[in-house]
């Protein structure tokens, strides 16, 4: 097996057998049926082969696996739903802790809390919470795993009103590198709780999340307004104007892509470049219609399909565009404004997308996210108003160089207008921007890493190195 600090480690037959017997879940090796399925992740560019995969059935399996990896000093990876763009849910020749089958959710409707297991997807969580008209801010693709999304920060349609996913994280249970199970909250293991709220998988294996919930839906006003790409400059200027004036209950994202064959689009538009304005308003229908009017009544859109729909349905709207099995490469920037130069670059590069499935999106965040101190959680980007993601997507390996070159070129062109920060969950496997992801919080994260994982057992991630530094811990109270 791959050694933690290079080289290889040999696991004897008796030690392997003893480990297997200690588990309630299944232990898969390369010659066992189901191994290839268990190692597959969302991004088809990632093709790694662990020596062992432990499909955990409970906390005891996680503890045993962490202790086994630490004892033998072998490479360790942790998988939730396996949706991360960089493929950090998997490793070569090491031990994989697979939590993907561990998806139970318990909702307390009176206390407005949900306890969520680490293999659950956003769709799993929405299904349970929306039964009571409740939700917490998550992402926009229902097959995304709640664990990876949360540990990186988490944002979506509800974030302007209720903040990031980590802003709504009440407590976790975590198995740290010493094999101990710890409960973390604002009152217990506060430093560790601070670190996992945005610090990724650097500090251990989360075995339970507890979220605060809010009254949402079950019906919201949501949908798409689609314009011809030839009007991109005017559409984006209008979009910029509208989002600067909208309330926290409203969220509108911009997508430049080639039109998919949606049933409400005339056939002649299928495959042609368009600008999509994706909107969601969680207020009352009357308020939503009034506030969305300015966005919808401008110009001559190809289609306007905004209307009342279940929140859980809207959360699945983009699933068909993000199915597993394709090759994906992302490049991302944070921005504080969409200025005219940025609009011109979107117009230029959006006019020569390398594939039918490639898209450029600008997520308008802000609102409640920006009313939190950068030091309140490990996620520091509280001044960001737009998160831009260049999502390049294709099917054949022969197109790798061409597609990635286009994404990198656009990324470099936008860079002078960006903050330098980046959302950690959007960093691809070939890019080291950990310092950009954590900025002023990096020193404190490094110190907490040194305390809880001094050997860097949890390194298959956007890795934070353990360093001995001095920092001044801010108050736990929200500013």
Listing 45, 250 from the residue with the fewest other Cβ atoms within 10 Å to the one with the most, what is the order?
-> 45, 250
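By count of other Cβ within 10 Å, fewest leading, how are 411, 426, 203 ordered?
Values: 411 18, 426 23, 203 28.
Ordered by Cβ neighbours within 10 Å, fewest first: 411, 426, 203.
For segment 319-428, what does the equivalent ellipsoid look like in terms of its semi-axes, each the square root of 5 times an eigenvalue of the Cα gyration tensor, given largest first in whole Å? Numbers along the way, then the final one.
Numbers: eigenvalues 137, 55, 27 Å².
Equivalent-ellipsoid dimensions as semi-axes: 26, 17, 12 Å.
Give me the orientation-averaged projected area of the Cα convex hull of segment 49-115, in nm², one decimal. If you can, show how the numbers build up before the last one.
Details: hull surface 22.5 nm².
Across all orientations, segment 49-115 yields a mean hull projection of 5.6 nm².
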What translational diffusion coefficient, in µm²/s and rounded to a whole number, does the Stokes-Einstein relation yield for segment 325-376 at 4 °C and a viscosity of 1.567 mPa s, taking the hydrodynamic radius as the Kirkwood radius over Cα pairs?
-> 94
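Can you compute the equivalent ellipsoid semi-axes for segment 298-340, i.e. the square root of 5 times each eigenvalue of the Cα gyration tensor, sorted largest first and rounded to whole Å?
Numbers: eigenvalues 114, 104, 32 Å².
Each semi-axis is √(5λ); the values are 24, 23, 13 Å.
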Starting from the Cα of residue 415, step 7 Å along the direction of its Cβ; do the same at residue 270; then give the gap between the two resulting points in nm.
-> 4.0
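Can you give the extra length, in nm with one decimal, that the chain gains between residue 370 and residue 443 once fully stretched, where that is 0.36 nm per residue apart less the Cα-Cα distance?
That works out to 24.1 nm of additional length.
Determine the gain in length on full extension of the stretch residue 24-residue 185; use 0.36 nm per residue of separation and subtract their C-alpha separation, reporting nm with one decimal. Don't jump to the answer; show the numbers that get you there.
Details: separation 161, 0.36 × 161 = 57.96 nm, distance 2.86 nm.
Length gained between residue 24 and residue 185: 55.1 nm.
Across all directions of projection, what mean area in square nanometres is found for the Cα convex hull of the chain?
Working: hull surface 88.8 nm².
Mean orientational projected area (the chain, Cα hull): 22.2 nm².
State the percent of C-alpha pairs, over all pairs in segment 190-287, separated by a distance greater than 15 angstrom. Write down the numbers at each step before the final one.
Working: 3455 of 4753 pairs.
The share of Cα pairs beyond 15 Å in segment 190-287 comes to 73 percent.
Semi-axes of the equivalent ellipsoid for segment 13-98, please: Cα gyration tensor eigenvalues, times 5, square-rooted, ordered largest first, whole Å. Kindly include the intermediate steps, with their values, before the conclusion.
Working: eigenvalues 87, 33, 29 Å².
Semi-axes, largest first: 21, 13, 12 Å.
Once Rh for segment 105-215 is found with the Kirkwood sum over Cα pairs, what is the Stokes-Einstein diffusion coefficient at 10 °C and 1.306 mPa s, in µm²/s? Please report the intermediate quantities before stating the final value.
Numbers: Rh = 13.7 Å.
For these conditions, the coefficient is 116 µm²/s.
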Based on other C-beta atoms within 10 Å, arrange 1, 52 from fewest to most.
-> 1, 52
Residue-span extension gain [residue 33 to residue 429] - 0.36 nm each, minus C-alpha spacing = 139.7 nm
To one decimal place, what orientation-averaged projected area in nm² is obtained for the convex hull of the Cα set of segment 219-426?
-> 11.9
Share of alpha-carbon pairs per 10 Å distance bin for segment 36-85, given as whole % = 21, 50, 27, 1
Whole-number Å³ per residue for the convex hull built on Cα positions in segment 269-323 = 95
Spin-label proximity, residue 127 to segment 79-118 - amide N less than 11 Å from point 7 Å beyond Cα toward beta carbon | 103-105
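Any read-out appearing in this document is the output of simple, stated calculations on the displayed coordinates, not a laboratory observation. This structure is a prediction, so every number in the text was calculated from the model and none was measured. No Cβ is skipped: glycine too gets one built from the backbone with ideal geometry, and neighbour counts run over all protein chains shown.
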